Amino acid sequence: MPSPASIVRSRRFRLVAGVCVVALIAAADRALSNEVPLALLYLLPVAGMSTVLRRWQILLLGVFCTCIAELADAFRWTVTGGIARDTLYFFAYTAAGLYVAEVVSRRRAETTHVAALEAEMAGRREVEEQLQLVVANSSIAILTADEAGRIRSANTAAETLFAGESGAVEPLEGASLSRFLPSLAAVRMREQGWQRLRTMMQCQGLRAGREPFLADVWFSTYMTSGGGRLTAMIIDATVETRDREEANLEQVLVGSRLAIGAVSHEIRNICAAISVVQQNLAGGFGAAAGAAVGAAVGLAPPYAEDLDALRQLVAALERIASVELSLVKRQASRVSLERFLRELAIMIQPSLREAGIALEWRADAGLPDVLADSHSLLQVFLNLVRNAESALATTTNARLCLQAVRTGARVQIRLSDNGPGVRHPEKLFRPFRVGAAGSGGSGPGRAGSDGGSGLGLYLSRAMMLSFHGDLRFEPGLEGATFLVEMVAAEAVGADAA
């Protein structure tokens, strides 16, 4: 059963009530005659019925009320007076009805718009709550900063990522972004406003204890009512980058083993042919009597062809043996040594810390750029560090020291450890050496990323030689020291000039 309020608001009730009110006003106007004119009272039912009528229906309602008012009053109708009076009645009733209808229409539109906005805001609040839950529980570090470079919000993963070695999680809100991501904080927008950026970058991040790490950052900028904002998602890419470079080194080692295997196969074939020729010669020298007879009658020795074949086989073997291991040489370019050393330290510190090895870093300030290939150079140092980790596995108070100095037109980087050292340093850079099991074992070399094949140091040295550098072993009283030498880029430019 409908409620009284719904009945009152219904279209039918308002029309019936309006007609009844018009009838009552007409009856009262008729009874009072010309003592009290009641024509203006028809505006009330007109206003009430106009809330549920259309515009053309309001015009008909104006005509209807004008006729009723003219019939109910006591004024005598004439052409001059009646037309003017009825016109006034019609415009008054119609204007009042149209005005009320327009007000009601706008009110309804506003009510509908407000309801839609409230529904939209409720939906947005729900979406924002879901996004806040996703951000708060995400394993990716997410933070937001304002245009002044202050961190406005950060999730738990971000606080954990930027925590120091102690592991104590500190709130990032209110801190300066330049303290943790200097390169990201250096992003500046145009004077007209914040430029909309959606991009990624790889840069150096700093934890609370100033410990560096490699960070992959996806960030975007946008405007809000409170000013410009920057939102960034950050992951620690240190281990991933190190593993990728080590995997590249493994691929080089596998390819080099295949190349050397093919060369060894050719050498074995030539050695087998030499063996056959040697057997033929040995058999011929056994028939000394036949040789004497041949010499007596003036015939050439039957061994000339075998000797010539042996000479050709030996020459072919020398050519194969003189060919160095072929490497795909990368184009050497100008490499910022200071930046390279920073990235190297970031990549090797976690594994050394896990192995219990202390790292000493002694790099001179103002090191020049060098002529090298950054990927090959990184593989060389990763191979040396992995060798040192293997050698220091059983050493108490293990220590690895890196020292970088400039000597004239070259830059020297020494990587030394306090391990058991190397027994046979003269065999270190030989490929496929026997006993490449460890620095303290019976073999000559150090365990490395080549899995004991002896190719690691051989390839590392070949890489350094490919861009006019060098890698060599320096004997000492304790442990092992490897010297990596590179050419300063400015020296090469001066020579070219």
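The values are calculated or read from the model by the stated rules, or taken from the named source; none is laboratory data. Predicted model, so just to flag it, every value in this text is computed and none were measured. When we count neighbours, we look across all protein chains shown, and the Cβ atoms used for this are built from the backbone with ideal geometry, even at glycine.
Can you say whether Leu359 is at pLDDT 85 or above, crowded, with 16+ Cβ neighbours inside 10 Å and assigned by TED's automatic domain parsing to the domain that holds Leu483, as far as the supplied structure shows?
On the way: at pLDDT 85 or above: yes; crowded, with 16+ Cβ neighbours inside 10 Å: no; assigned by TED's automatic domain parsing to the domain that holds Leu483: yes.
No; evaluated as a whole, the condition is false for this residue.
Which one is surrounded by the fewest Cβ atoms within 10 Å (Cβ to Cβ), of the residues in segment 189-223 that are part of a strand (DSSP E or B) and at pLDDT below 80? Walk me through it before giving the result.
The first filter runs over segment 189-223 and keeps only residues part of a strand (DSSP E or B), leaving 190, 193, 198-206, 212-223.
Checking which are at pLDDT below 80 leaves us with 190, 193.
On the way: Arg190: 7, Gly193: 12.
Only one residue tops the list, namely Arg190.
What's the total number of residues in segment 371-410 that are part of a strand (DSSP E or B) and in contact with a helix residue (DSSP H, G or I) (Cβ under 6 Å, 6 or more places away or on another chain)?
At the first step, the residues of segment 371-410 found to be part of a strand (DSSP E or B) are 371-372, 399-407, 410.
With in contact with a helix residue (DSSP H, G or I) (Cβ under 6 Å, 6 or more places away or on another chain) added as a condition, the list becomes 371, 400.
Looking only at that region, the number is 2.
Among residues that are under 30 Å from Trp56 (Cβ atoms), modelled with pLDDT of 85 or more, small (Gly, Ala, Ser) and surrounded by 14 or more Cβ atoms within 10 Å (Cβ to Cβ), Ala115 is not included. Residues that are exposed (fewer than 12 other Cβ atoms within 10 Å of the Cβ), under 21 Å from Arg106 (Cα atoms) and not β-branched (Val, Ile, Thr) do occur in segment 10-27.
For segment 54-63, indicate whether the set of residues that are within 21 Å of Ala17 (Cα to Cα), assigned to a loop (DSSP other than H, G, I, E, B) and modelled with pLDDT under 90 is non-empty.
As a first pass, look at segment 54-63 and keep what is within 21 Å of Ala17 (Cα to Cα): 54-63.
Subsequent filtering for residues that are assigned to a loop (DSSP other than H, G, I, E, B) retains 54.
When the remaining residues are screened for being modelled with pLDDT under 90, the result is 54.
Scanning segment 54-63 turns up at least one residue that is within 21 Å of Ala17 (Cα to Cα), assigned to a loop (DSSP other than H, G, I, E, B) and modelled with pLDDT under 90.
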